[in-house]
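In what follows, a structure is listed as structure tokens, so that the remarks can point back to it.
Each reported figure results from applying straightforward, stated rules to the coordinates on display, with no laboratory input. As the structure is a prediction and not an experimental result, all values here were calculated from the model. Cβ atoms come from the backbone with ideal geometry, glycine included; neighbour counts cover every protein chain shown.
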Amino acid sequence: MKLILSTSNLLDAGSSIRRDPTQKSNAELVSSFRANFAAHSHPQTNGSSSNGVSKQPPSRTNYKAWTHMAPDGRQELECPKLDFEHSALQEEREQYDITVKLFYLPGAPTENRATQTKEAVKLVLKELHMPSIDLLIISFPGIYFDEEEDCPDKISTRGPVEAEPEPLESQIETWKTLEALHEEGVVKKLGIAEFGHDRLVSFLERTTIRPSVDQINLRDCCSVPKKLLVLAKSRGIELLVHNDSSNVLPRGTLRELLGPGDEGAGVLAEPTKTGEKRKSLHGEQVKNGDADGEGLKGEVQPLWVVKYTAVVKNRGVVENKGYFAVAELSG
């Protein structure tokens, strides 16, 4: 079964999930998913009893009441139910600069990247009611923009490494899907993330359509290496600094978000034992349901996360921002 997670527009959700400029994007991702799940899974109350004493927090409703299973036989569960009836943007297409960043997650099968990429782009376009995006950046698992000899302190700040960089062949095969989207006019510009000089040289030798952007995370420590600056300038590649977490959905995060705990959404069943070991680096085993037999059972494998931002060009104002994530639940 496929699980489709969504945040809706973060700008409509209140200040509780607005990201601090210094905050990593995985913190924003987790808090925005949790807030959206809570908004749908807990009934609204007036918050006080007749004598003015605050009531206990409302109990969580069964996940089946606020999620949606595809009606045509496809094993797809939307968390929460998606609603694409109304446009998320108010102006015409030419008024917006729409940027999408797609994170491929550790442990997900690379042979399905073409389908995953097209699905991610399609969800964003349906959410925004737009025919195209301006920039699509992809982030491969296990790649960090690290220059040890110039900035050794950076290594300790990047968090746990859950995957080794995948072979160049796999990255090039994935890039072909992006090139096709560019040729179809769905994506105007393509970008990559965390590519240093040597990796970028090897990548450029194998691509038909070059990336327009290389997005790098300096983590407030290093300047951009001169070799990379020279290479990017000679190839017409824009270097952009960002504050995204390379490990956007760390191991255990999805289990906490969807599990039966106090801060979980109650979509997944209680595991047999607390702290049960996972089968794989990014997958988790869920064997038994809770006392009431609620919650889905199986192993959950996160596949990808996509972040989208729509900025009004003439005002430089972000009008819509959000995330989608997809995971596979196997029995």
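If the limit is 23 Å between Cα atoms, which of 233/321; 2/188; 81/126 go over it? Over 23 Å Cα-Cα: 233/321; 2/188. Scattering from region 53-112 was approximated by placing one identical point on each alpha carbon and applying the Debye formula without solvent; log10 I(q)/I(0) at 0.21, 0.23 1/Å stands at -1.04, -1.05. Packing-based ranking of 255-263, 187-195 yields 187-195, 255-263, ordered from highest to lowest mean Cβ neighbour count within 10 Å. Taking amide H positions as modeled 1.01 Å from N, with prolines and chain starts lacking one, the residues under 5 Å from residue 7 and 5 or more places away or on another chain are 323.
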